[in-house]
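The values are calculated or read from the model by the stated rules, or taken from the named source; none is laboratory data. Not measured: the values here are computed from a predicted model. FYI the Cβ positions are ideal-geometry reconstructions off the backbone, even for glycines, and counts take in every protein chain you see.
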Amino acid sequence: MAADADSLRTGLPPSGHQASWRSWLLLAPLLLWLGMFVLLPTALLVATSFSRRDDMGRVIYSFTLDNYQRCFDPTWLSIFGSSILYALLATLICVVVGYPAAYTIGRASPRNRRLLLTLVMIPFWTSFLIRTYAWISILSEEGLANGFLLSAHIVPAPIGMMYTPFAIVLGLVYNYLPFMILPIYTSVEKLDNSLIEAAYDLGAGPLRAFSSVIIPLTRPGIAAGALLVFVPAIAMYAITTLMGGGSNPTIGEVIQNQFTRARNQPFGAALGVLLMLLFLVSFILMGRKKNTAHAT
């Protein structure tokens, strides 16, 4: 009681065993959630990846590397490559489109800033599936896009935009663009105007000031946004299934099919483990770039 009274009077946290005990108690719900819904499923996925299935489709837990050897078949490697390519294209487009928007929001007045941030968040007010099906109706041969092109006499016949790599990348960009804008906006908001003014005073033009001062200072936001877009875009199978139509399969679709239609959980788990390793490599590389940006 005396320790609690002293801590309230001085404003300092309790020391020693009490502080440690209370900290672990506060962390207990988070640790329990991580253990049940992250660590346990991950351990089960890894164990399943080394198992095999019998003729009845049941999983037999035994150690084998056959599933991982099969993952390096050229067919599956090409699907991995196309998934990475779609994610890279979506990330690059999000940077090109999102950076000017984030910079404009970050340098706007407080009133306009709130309005612009609200416009960025509006897509999250509707369901992900509704937004995706809206693009399906827009890009279909009888949709709004082809109707405009035909009425403007730009094309003589409807263009097949659905079920193409273009539709997949467009769906990824549309759904993940806010995840690029918000981190970059946070970095732009913290920009020190005196550094930009100093660059102009030293003779730098707008392009030189932008490339040598603004870009390096906002690089942590770019790295964080690229990570938030690239990592989930690799495994996103809902967009590729709905807008790609299965004609351009990605690794997320393959894993989902292995666990459902093919009922080959060991092979699907092996693909999932490799996908997690790819995520880990992405986190490490992006983290290094972010730390390098902070250091400079």
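Some observations on this one:
- Which listed residue, of 284, 215, is over 19 Å from the mean Cα position of the chain (by Cα), farther than 30 Å from residue 60 by Cα and either surrounded by fewer than 17 Cβ atoms within 10 Å (Cβ to Cβ) or among the basic types (Lys, Arg) (or both): 215
- Subset of segment 161-178 (residues that are among the aromatic types (Phe, Trp, Tyr), outside any loop (DSSP other than H, G, I, E, B) and in contact (Cβ under 8 Å) with a residue 40 or more places away in the chain): 174, 176
- Test: residue in segment 266-281 that is closer than 18 Å to residue 176 by Cα and buried (at least 23 other Cβ atoms within 10 Å of the Cβ): no
- Checking the stated criteria, residue 107 turns out not to satisfy the condition of being touching a Phe, Trp or Tyr at 6+ places or on another chain (Cβ under 8 Å) and surrounded by fewer than 19 Cβ atoms within 10 Å (Cβ to Cβ).
- Where residue 108 falls short, out of the listed (1) among the hydrophobic types (A, V, I, L, M, F, W, C); (2) under 26 Å from residue 159 (Cβ atoms); (3) not in a helix (DSSP H, G or I): (2)
- Qualifying positions in segment 183-196 - part of a helix (DSSP H, G or I), in contact with a helix residue (DSSP H, G or I) (Cβ under 9 Å, 6 or more places away or on another chain) and modelled with pLDDT under 85: 195, 196
- Within segment 51-92, the set of residues being in contact (Cβ under 8 Å) with a residue 12 or more places away in the chain, of a type in the set (A, V, I, L, M, F, W, C) and within 20 Å of residue 279 (Cα to Cα) comprises 71, 76, 79, 80, 84, 87, 88, 89, 90.
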